[in-house]
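Structure, as structure tokens:
The values are calculated or read from the model by the stated rules, or taken from the named source; none is laboratory data. Keep in mind it's a predicted model, so treat the numbers as computed, not measured. Here the Cβ positions follow ideal geometry from the backbone for every residue, glycine too, while neighbour counts run over all protein chains shown.
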Amino acid sequence: MGKIKTEGRVTLEFDPDLYEIHISVSAEGKTSGAAVTAGKKQTESLLQTLLDKLQIRPEQISAESENTEMPHSYGQNAPDDYRYTRSLLLKIPAENVLREAVTALLAEMDSATYSVDAKLADESKQQQTALDAAVQCAKEKAERTAHSLGCRVSGFEEICTDGMRFTECCDAVVAFGAAPRAAKNLAADLNNPKIKISGEVTVVWLTEPLA
């Protein structure tokens with residue numbers, strides 16, 4: 001009985017299950033209290049607009065973080081106001097019509113920036129699919145090598161799977177002052193989003209002579 005060691009590498013594409021829209025709401029004020037008050041009003045206005053226009057309820061949006069920055073005291077153009085930022089996360093089904101409606105609404109708001117990630121709700125199944133495909137790739141290589149040596153693959157001794165990678169390939173950010181153009185590019189990038197999962201394995205196969 002002999003042994004053959006081969007590697008298998010594949011990258012598969014999957015349709016996302018959902019979009020994660022990361023929203024940042026900002027406001028400025030002469031004092032930290034004024035900045036916080038203005039920022040919370042902007043946040044409340046955003047939530048109300050999403051509810052009124054898209055029927056997205058406030059409880060569908062989770063708060064991620066909030067931060068207040070002091071004015072910078074250096075530089076000729078240094079801001080002299082406090083800046084409050086609130087980060088929110090909205091998860092919606094991977095439906096382009098709804099995603100476009102949300103991002104179009106956000107692009108019209110001067111106080112908001114956002115980014116969109118295409119996601120899998122639970123990537124374990126897709127990871128297993130990529131792993132199985134990588135093993136099959138490694139097996140096909142082993143079978144070709146075994147055939148050239150006058151033997152066949154009878155099983156395996158070891159499989160190493162530490163090379164698996166999971167990659168989201170759809171991400172775009174709309175910044176202040178660039179909303180219309182960025183929103184247009186974002187729509188194009190997310191028109192047919194894909195999630196890429198790469199599987200890599202190294203397998204030690206057992207071989208035996210052909211009968």
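Tally time: how many residues in the range 49-94 are modelled with pLDDT of 90 or more, surrounded by fewer than 13 Cβ atoms within 10 Å (Cβ to Cβ) and assigned to a loop (DSSP other than H, G, I, E, B)?
Of the residues in that region, 2 qualify.
Restricting the search to the range 1-28, which residues are over 21 Å from the mean Cα position of the chain (by Cα), among the polar types (S, T, N, Q) and not assigned by TED's automatic domain parsing to the domain that holds LYS139?
Selection gives SER26 alone.
Would you pick out the residues in the range 125-150 that are over 35 Å from the mean Cα position of the chain (by Cα) and surrounded by fewer than 18 Cβ atoms within 10 Å (Cβ to Cβ)?
GLU143, ARG144, THR145, HIS147, SER148, LEU149, GLY150
Looking only at the range 23-41, count every residue that is loosely packed, with under 15 Cβ neighbours inside 10 Å and either assigned to a loop (DSSP other than H, G, I, E, B) or touching a Gly at 6+ places or on another chain (Cβ under 8 Å) (or both) and tell me the total.
Residues in the range 23-41 being loosely packed, with under 15 Cβ neighbours inside 10 Å and either assigned to a loop (DSSP other than H, G, I, E, B) or touching a Gly at 6+ places or on another chain (Cβ under 8 Å) (or both): 3 in total.
Look at THR202 and say whether it is over 30 Å from SER87 (Cα atoms), of a type in the set (Val, Ile, Thr) and modelled with pLDDT of 95 or more.
no
With the requirement that a residue be touching a residue at least 40 places away in the same chain (Cβ under 8 Å) and farther than 30 Å from ASP15 by Cα, what does the range 191-211 give you?
Matches in the range 191-211: VAL204, TRP205, LEU206, THR207, GLU208, PRO209, LEU210.
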